[in-house]
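Here the structure comes first, spelled out in structure tokens, and everything after it is commentary.
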Amino acid sequence: MKKLSIVLVSALLAFPFSCAKKEVPQVLAQVTFIVGEAFQLKNNDWAPLQMGGSLRENDRIKTAPEASVDIQIGESLVRVKESSEVTLARMYKNSETGLEENTLDLAVGTLLAKPKKLAKGDSFSVKTPTAVAGVRGTMFVVEADPARDTTIKVMDGKVQVAKRIPALESIQDSTVKDSEVIKKLEEQVEKSAVTVTENKECKVEAKAVDETNKKVEKIVDKVEKVEKAQVTEEKKTEMKKELQQEFQQAETAKVIEEVASQKSIKTAEIKETPANKELKKEFETIKVAEPVKPVVVEQKVVKSELRLKANPGNASIFVNGEMAGTGEIKMELKPGTYTVKIQAEGYQDAQYEYEIKSGETLEKLVALQRPLPLNRLRWNLDVRETVTSVIYWGMDVISATNKGMLAAINRVTAVKRWERDMGSPISSGIIADGNVLYFATADENLHAVATYDGQVLWTQKLEGAIINNMVPVVTPLEVLAATARGNVYSINKYGAVNWTSKLDAGVYETPMLANGTLFVSGADGMLYALNAANGRQNWAADMGSKFKFVFANNVIYAVSYYGAVSGLSAVNGSVLWKKEAGESVAVQPLVLYDRIIVAGVKGRVAAFALANGAPLYVSELGAQVRNNMTYTDEAIYVSADKTLYALDRDGRVQWNYATQARINTAASITGNEIYLGLDSGQIISFNRFLVR
């Protein structure tokens, strides 16, 4: 068996700050036994783990080869095996009821869990990148391998195992999470759970979970667009009604049902192998130490009050780690020192220590700072070749290099799951559809490669290369691509050519498909409109020079290399309006809200009204923009030389992040994660928002 790594759950101190009648002792997590070398993450650096040391919520631990660590949480024990990494994610004890919630977040590795006998209302669970195991018994083993497959072995009792769906976990907006469609998805995930009993094991396959997550992501995206739409309440009600109708249709409803029916959890009897026999014996060596019993001194106290108001008004306020309210709180407290933390999306977290004196009312006004700096690097992987394309797919990052190396990299651990040498530089961008990657190489071949293991499914020879990071257009039935020799192809999903069309000039920009028409930008300055069913030309319009374009609202918005910005009818190519951007443009424009965003080679970002081309704003970044822009609901992301900028819809810089080399790819963004490829051979991952 390969050596595995783990993430373990954090220990939380339960602070009694309300009007509880009886003081409840703190729940302590302690290191009770260490073999070999083990480490704890402190101040962004790994320090040796100390025998007998205390652990807190969100502490991370890792073990070296041939090492192990026992951690006691109250009367529950876990053993972190060799080459493992563990985060203490959730440990909570209710100060009034004494009920506990413990969660171990397992990234990769092996973990032996021996929780205490749970009372009604207690919970003890282990999460891996692909599974969630809820304890109904007393002894079990969790293994998460580098390929993200999870194996759970139950030695005694029962464990409830469900798929872990990141697309559902990452939802932060309460209106999105409370929507009927999302609740239906969560119900289906619960239905897919499997109960694993004594002497049985189950395996959760990452490939199947990724398929489920991909489908869920698309549904969540639709719900978010409706819930976050900046429209009137009447219009939003109408949009919600349309969304409900869509999800009641047979095909879409089938997708939701498939979330529960995915065959991703397989159960079997635990094999009587020497390794499994040793695991059972090992549980006998995991013993509960005498719990730490803090001395509780009963004394009569005079209550005091804390009054705190936060700006913005939607900020969450935590007192000693427990949620106390939103925006404004008034709390009666016992005298003492309290830790107050205030959080709001898009703002810098604030944390203060307040001393509350007997009989005192303490009033505070706290204003959070914005913008939130991006100063937390998640990881930096050196692939030793210039990175030409980076995208995310499921729990992986897919990267391509100028020497033809294609790789799938785990988004959490930065470990390569697979790597494939294509034998020729990858000249196009990469696009993922379902479980397949589509891209082209410099030897004039178009490839379809499986996302889960890098296997080449088919290769089609082309006349001409697909260059400049152009990407194919992928539909449910075909792949549409154009080459530098002016050849346009329709290829079915099995790699056979449906039709070809020859243009009068080469193609250096990604085509776009809309309303059954394939729009293609020719190097001769012509905009070609082809019938997507057969490749025949419907019409062509002379733009006067090379150009890039985007389609929206049945209009083609084009930007020439020399800076002319135009709006053209998608019906016949007639010019609706034309303006000047002021400098040469080398990246594809964006249509966002009511405007088109254009980035020039000298670092000027300008916006023009979609209706008539009226200039709206100009922002100067001061360095060359060579990669396509991307955007989320919060910001537009523009890379200028070595720096990534986040701009708001009016072009104001919200934050910037400087890298050690020139950025060579567009920013790939999912949730809080941003991925960039550098020409120095690094792939970097960092957080959009500061994570503490």
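A few points about this structure:
- Per the conditions (1) touching a Lys or Arg at 6+ places or on another chain (Cβ under 7 Å); (2) within 21 Å of Thr510 (Cα to Cα); (3) assigned to a loop (DSSP other than H, G, I, E, B), the sole criterion not satisfied by Glu583 is (2).
- Search result, residues across segment 437-454 that are open to solvent by 10 Å² or more (accessible area, probe 1.4 Å) and either touching a Pro at 6+ places or on another chain (Cβ under 6 Å) or at positive phi (or both): Ala442, Glu444
Let's see how each residue does on (1) closer than 25 Å to Thr632 by Cα; (2) in contact with a helix residue (DSSP H, G or I) (Cβ under 7 Å, 6 or more places away or on another chain); (3) without any contact (Cβ under 8 Å) to a residue 60 or more places away in the chain:
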{"residue": "Gln172", "(1), (2), (3)": "yes, no, no"}
{"residue": "Thr175", "(1), (2), (3)": "yes, yes, yes"}
{"residue": "Glu187", "(1), (2), (3)": "no, no, yes"}
{"residue": "Lys191", "(1), (2), (3)": "no, yes, no"}
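- Scanning segment 482-539 for residues that are at pLDDT 95 or above and among the charged types (D, E, K, R) turns up Arg485, Lys502, Arg536.
- Count of residues meeting criterion [farther than 24 Å from Gly134 by Cβ and modelled with pLDDT of 80 or more] in segment 161-179: 1
- Contact map, segment 109-124: first residue of a type in the set (A, V, I, L, M), second residue modelled with pLDDT under 80 and part of a loop (DSSP other than H, G, I, E, B), Cβ cut-off under 6 Å, separation 6 or more or different chains; pairs are Leu111/Ile6.
- Subset of segment 273-298 [of a type in the set (A, V, I, L, M), farther than 16 Å from Leu77 by Cβ and at pLDDT 65 or above]: Ala275
- Of all residues in segment 140-181, those being over 17 Å from Leu77 (Cα atoms) and assigned to a loop (DSSP other than H, G, I, E, B) number 13.
- Verdict on Ala523 being under 18 Å from Glu463 (Cβ atoms), out of contact with any strand residue (DSSP E or B) (no Cβ under 6 Å at 6 or more places or on another chain) and not acidic (Asp, Glu): yes
- Flag if Leu457 is within 31 Å of the chain's Cα centre (by Cα) and surrounded by fewer than 16 Cβ atoms within 10 Å (Cβ to Cβ): yes
- Residue that is farthest from Ile597 (Cα to Cα), among those in segment 541-554 that are touching a Gly at 6+ places or on another chain (Cβ under 7 Å) and among the small types (Gly, Ala, Ser): Ala541
- Condition met for Tyr494 (closer than 21 Å to Asn402 by Cβ and open to solvent by 50 Å² or more (accessible area, probe 1.4 Å)): no
- Qualifying position, being closer than 19 Å to Ser95 by Cα and modelled with pLDDT under 85, among Gly325, Gly346, Gly313: Gly325
- Helices (runs of 4 or more DSSP H) fully within segment 182-272 that include at least 2 residues being under 29 Å from the mean Cα position of the chain (by Cα) and at pLDDT below 75: 233-248, 250-261.
- Comparison of Gly434, Gly429 shows that the only residue that is on the phi > 0 side of the Ramachandran plot, under 25 Å from the mean Cα position of the chain (by Cα) and touching a residue at least 40 places away in the same chain (Cβ under 8 Å) is Gly434.
- In this entry, Ala607 is excluded by the filter for residues that are of a type in the set (A, V, I, L, M) and in a loop (DSSP other than H, G, I, E, B).
- Extreme residue, surrounded by the fewest Cβ atoms within 10 Å (Cβ to Cβ), among residues of segment 399-426 that are more than 22 Å from the chain's Cα centre (by Cα) and closer than 12 Å to Gly454 by Cβ: Asp421
- Strands (runs of 3 or more DSSP E) within segment 441-553 that include 3 or more residues over 26 Å from Ser399 (Cβ atoms): 487-492, 497-502, 517-521, 526-531, 537-542, 547-552
- Sole residue being β-branched (Val, Ile, Thr) and buried (at least 22 other Cβ atoms within 10 Å of the Cβ), chosen from Val598, Val575, Val618, Val591: Val598
- Search result, residues across segment 330-370 that are of a type in the set (D, E, K, R), touching a strand residue (DSSP E or B) at 6+ places or on another chain (Cβ under 6 Å) and in contact (Cβ under 8 Å) with a residue 24 or more places away in the chain: Lys330, Glu332, Lys341, Asp349, Glu360, Glu363, Lys364
- All strands (runs of 3 or more DSSP E) inside segment 645-692 with 1 or more residues being in contact with a Pro (Cβ under 9 Å, 6 or more places away or on another chain) and open to solvent by less than 40 Å² (accessible area, probe 1.4 Å): 653-658, 668-670
- Within segment 405-422, the set of residues being at pLDDT below 95 and part of a loop (DSSP other than H, G, I, E, B) comprises Arg411, Val412, Thr413, Ala414, Val415.
- Looking only at segment 111-139, and only at residues there that are within 15 Å of Lys203 (Cα to Cα), among the β-branched types (Val, Ile, Thr) and in a strand (DSSP E or B), the one that is least open to solvent (accessible area, probe 1.4 Å): Val126
The values are calculated or read from the model by the stated rules, or taken from the named source; none is laboratory data. Since we're looking at a predicted model, the values are computed, not measured. For neighbour counting, all protein chains shown are included, and Cβ atoms are generated from backbone atoms with ideal geometry for every residue, glycine included. Heads up: the accessible areas ignore ligands, DNA and RNA and are worked out on the full protein's heavy atoms, side chains in. Shrake-Rupley method; radii C 1.70, N 1.55, O 1.52, S 1.80 Å.
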